[in-house]
1. If you check every pair at least six apart or on different chains, which have Cβ atoms under 7 Å apart with a residue in region 6-27 that is closer than 14 Å to residue 92 by Cα and among the basic types (Lys, Arg) first and a residue that is modelled with pLDDT of 90 or more and part of a strand (DSSP E or B) second?
2. Can you name the residue in region 40-71 that is assigned to a strand (DSSP E or B) and small (Gly, Ala, Ser) and is also farthest from residue 97 (Cα to Cα) among such residues?
3. Residue 1 - would you say it is of a type in the set (A, V, I, L, M), exposed (fewer than 15 other Cβ atoms within 10 Å of the Cβ), within 21 Å of residue 95 (Cα to Cα) and over 21 Å from the mean Cα position of the chain (by Cα)?
4. Checking the structure you have, find out if any residue of region 133-143 is modelled with pLDDT under 75 and among the small types (Gly, Ala, Ser).
5. With respect to residue 173, determine if the residue is in the same structural domain as residue 192 (by TED's automatic domain parsing), farther than 22 Å from residue 199 by Cβ and of a type outside the set (Phe, Trp, Tyr).
6. Can you find a residue that is closer than 24 Å to residue 29 by Cβ, of a type in the set (Asp, Glu) and modelled with pLDDT of 90 or more anywhere in region 158-167?
7. Would a scan of region 51-63 turn up a residue that is within 17 Å of residue 133 (Cα to Cα) and outside the structural domain of residue 139 (by TED's automatic domain parsing)?
8. Could you tell me which numbered condition residue 122 fails, if it satisfies all but one of (1) out of contact with any helix residue (DSSP H, G or I) (no Cβ under 6 Å at 6 or more places or on another chain); (2) at pLDDT below 80; (3) in the same structural domain as residue 154 (by TED's automatic domain parsing)?
Amino acid sequence: MPEEEKLVNYYSCSYWKGKVPRQGWVYLSINHLCFYSFLMGREAKLVIRWVDITQLEKNATLLFPDMIKVSTRSNEHFFSVFLNISETFKLMEQLANIAMRQLLDNEGFEQDRSLPKLKKKSPKKVSALKRDLDARAKSERYRALFRLPKDEKLDGHTDCTLWTPFNKMHILGQMFVSTNYICFTSKEENLCSLIIPLREVNI
């Protein structure tokens, strides 16, 4: 593995090599999905580039209600017994999507330096890269929801109500604040949506 490769997070799981499960750790980095296990003198090792993955699936079987299937052009790999399969699968999807965008755009991954630094005594150990990926995913959903420019970054959101003078009522929803906009969307789908450019706001 190259020295510059950056680990995002790792999870305990089982990797099915043939019909035998190997308990170990799956390591998710910027460019690779890796698995390593060493039990009873037997070593199992797997390295897959994200750009070589053709499909990611979260499946359920009779033996294991939660299983992740990783498909490449030549093989299928199965992982199970996750402590938090939803978090693991979500991160896999994010890294695979980033790898494909890098391949199409020929751009490298750059950590967002505008995010606040984590405190050293944080009760939950989350890597800066994973935190950055989560922030990017939230910004992408925000831009898609309000059809904003692709460089707009979400700063935060909160539950609130919006007073609508035309029908004289409060509408329950969420307010989003980003670099250049304040936006609102109602809890009830398609009831109300509002976009206010910050340049038009006077305080």
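The values are calculated or read from the model by the stated rules, or taken from the named source; none is laboratory data. Computed from a predicted model, the values in this text were never measured in an experiment. A quick note on method: Cβ atoms are made from the backbone with ideal geometry, for glycine too, and the neighbour counts reach across all protein chains shown.
1. none
2. Within region 40-71, the match that is farthest from residue 97 (Cα to Cα) is 44.
3. Against the criterion (of a type in the set (A, V, I, L, M), exposed (fewer than 15 other Cβ atoms within 10 Å of the Cβ), within 21 Å of residue 95 (Cα to Cα) and over 21 Å from the mean Cα position of the chain (by Cα)), residue 1 qualifies.
4. No: region 133-143 contains no residue that is modelled with pLDDT under 75 and among the small types (Gly, Ala, Ser).
5. yes
6. No, because not a single residue in region 158-167 is closer than 24 Å to residue 29 by Cβ, of a type in the set (Asp, Glu) and modelled with pLDDT of 90 or more.
7. no
8. Of everything listed in (1) out of contact with any helix residue (DSSP H, G or I) (no Cβ under 6 Å at 6 or more places or on another chain); (2) at pLDDT below 80; (3) in the same structural domain as residue 154 (by TED's automatic domain parsing), residue 122 misses just condition (3).
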